[in-house]
Amino acid sequence: MSCFLWSRASRTLRSFPFSQAALARRCISSQAALRRSYLYVPSGSERMLQKSLGTGADVIVYDLEDSVAPSPEDKANARANLKKFLKETDVGPHSPQIAVRVNDISTPFFAEDITEVVSNIKVKAVVLAKTHSAEDLDVISTAIREAPHADVRGLPIEIIPSLESARAMWNLRDIASWKSKHEPRFGGELGALMFACEDYCADTGIVRTPSRRELLYTRSQIVLAAKAFGLDAIDMVCIQYKDKDYLKEECVDGRQLGFTGKQAIHPSQIPIIQRTYGPTPEEILRAAKILKGLKEAHASEKGAIGIDGEMIDAPMLKQAEKIIAVAEAAGLDIPTV
């Protein structure tokens, strides 16, 4: 978590005496407020690389996998493009977080991808395509540890497994609970679970429909596994990128299931994703009322209160603190109540 995010959010939480530091950290762990959108950018396109940091996305995922033709020459050119771009680009505290999607461990491109990623301290996360098991995470962790310049990093690189197969879902618990066998600073650490819907449907034979009913079980399991082990849960790409109404519907559905963010394939998707995965003004107002009401109740040695016809107690306090923390970190207005 960046110092900027934590310092802003913690000011809000400290204003309520009953908030505890541990709860605050859980509320905004993994930079949830600033990682609502993950925009894929083809590393083979110099034009798209140049435009990427101005898209407004929380996380830019520079892609070395599917968007790059599977020839050694094209893969090498994409790595070279990305290396040159990152070398010439300033990345400040308010810039998007930079991630790179690497080719999966079974390809001849994986090792060179990892070397390129690890050698650049501007890259904070690596998305591992086609993660099927915890053993795959062991492979990438060891590759990170053995890569040249692995010791230049002050903080661990984050590993984000992309779940794309029936095997991945079968092994979901082992994947979500994985820990590096190396010291995290050198072997990386898990930060999120990411659902790759199209690959998953291709692997399982599931027919994707606008209702998303056929994916409800799988998506719910990913959210539960992520939350059980303190990870972000990143929902699937909306492939109908020109249909803003459907994108909004899919975002609302994902947030209601508990996903903390969503992947994007076009910059036009970013504003809707950002708005939907942040709290609404109504949610923020309700949360502010709960925090104030329970602060006063606790001062009077009461454990529960009524607000707008609802009984409010400890579980709702946790929800309210999370909403206020996310709103503050995202720069949204917090009303005075």
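The values are calculated or read from the model by the stated rules, or taken from the named source; none is laboratory data. Model, not experiment: these values are computed from the prediction. Here the Cβ positions follow ideal geometry from the backbone for every residue, glycine too, while neighbour counts run over all protein chains shown.
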Reported set for the stretch 198-221 where residues are among the β-branched types (Val, Ile, Thr) and either under 20 Å from the mean Cα position of the chain (by Cα) or not in a helix (DSSP H, G or I) (or both) is ILE206, VAL207, THR209, THR218
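For every residue, the table says whether it meets (1) touching a Phe, Trp or Tyr at 6+ places or on another chain (Cβ under 6 Å); (2) in a helix (DSSP H, G or I); (3) touching a residue at least 12 places away in the same chain (Cβ under 8 Å); (4) buried (at least 21 other Cβ atoms within 10 Å of the Cβ).
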site: GLU250; (1), (2), (3), (4): no, yes, yes, yes
site: GLY254; (1), (2), (3), (4): no, yes, yes, yes
site: GLN269; (1), (2), (3), (4): yes, yes, yes, yes
site: ALA287; (1), (2), (3), (4): no, yes, yes, yes
site: GLU296; (1), (2), (3), (4): no, yes, no, no
site: LYS302; (1), (2), (3), (4): no, no, no, no
site: GLY306; (1), (2), (3), (4): no, no, no, no
For the stretch 232-288, which residues satisfy the criterion of being closer than 16 Å to LEU215 by Cα and among the basic types (Lys, Arg)?
ARG255, LYS262
Among the residues of the stretch 257-272, which ones are touching a Gly at 6+ places or on another chain (Cβ under 8 Å) and either closer than 24 Å to ALA228 by Cα or not assigned by the TED database to the domain that holds GLY191 (or both)?
LYS262
Hits in the stretch 222-248 - residues which are more than 20 Å from the chain's Cα centre (by Cα) and either assigned to a loop (DSSP other than H, G, I, E, B) or within 25 Å of SER177 (Cα to Cα) (or both):
GLN240, LYS242, ASP243
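Quick check on SER162: is it part of a loop (DSSP other than H, G, I, E, B) and of a type in the set (S, T, N, Q)? Give the derivation first.
Values: part of a loop (DSSP other than H, G, I, E, B): no; of a type in the set (S, T, N, Q): yes.
Judged against the criteria, SER162 is not a match.
Looking for whichever is part of a loop (DSSP other than H, G, I, E, B) and either at pLDDT 95 or above or under 24 Å from PRO72 (Cα atoms) (or both) here; the options are ASP138, ASP113, ASP104. Which one fits?
Values: ASP138 fails: part of a loop (DSSP other than H, G, I, E, B); ASP113 fails: part of a loop (DSSP other than H, G, I, E, B).
The unique qualifying residue is ASP104.
Among residues belonging to the stretch 271-285 that are among the β-branched types (Val, Ile, Thr) and farther than 30 Å from MET48 by Cβ, point out the one that is surrounded by the fewest Cβ atoms within 10 Å (Cβ to Cβ). Don't jump to the end; show me each part of the working.
Of all residues in the stretch 271-285, those among the β-branched types (Val, Ile, Thr) come to 272-273, 276, 280, 284.
Pick out the ones that are also farther than 30 Å from MET48 by Cβ and you get 280, 284.
Values: THR280: 13, ILE284: 21.
Ranking the qualifying residues of the stretch 271-285, first place goes to THR280.
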Within the stretch 50-79, work out how many residues are in a helix (DSSP H, G or I) and under 26 Å from the mean Cα position of the chain (by Cα).
6
Is at least one residue of the stretch 161-175 at pLDDT below 95 and surrounded by 15 or more Cβ atoms within 10 Å (Cβ to Cβ)?
no
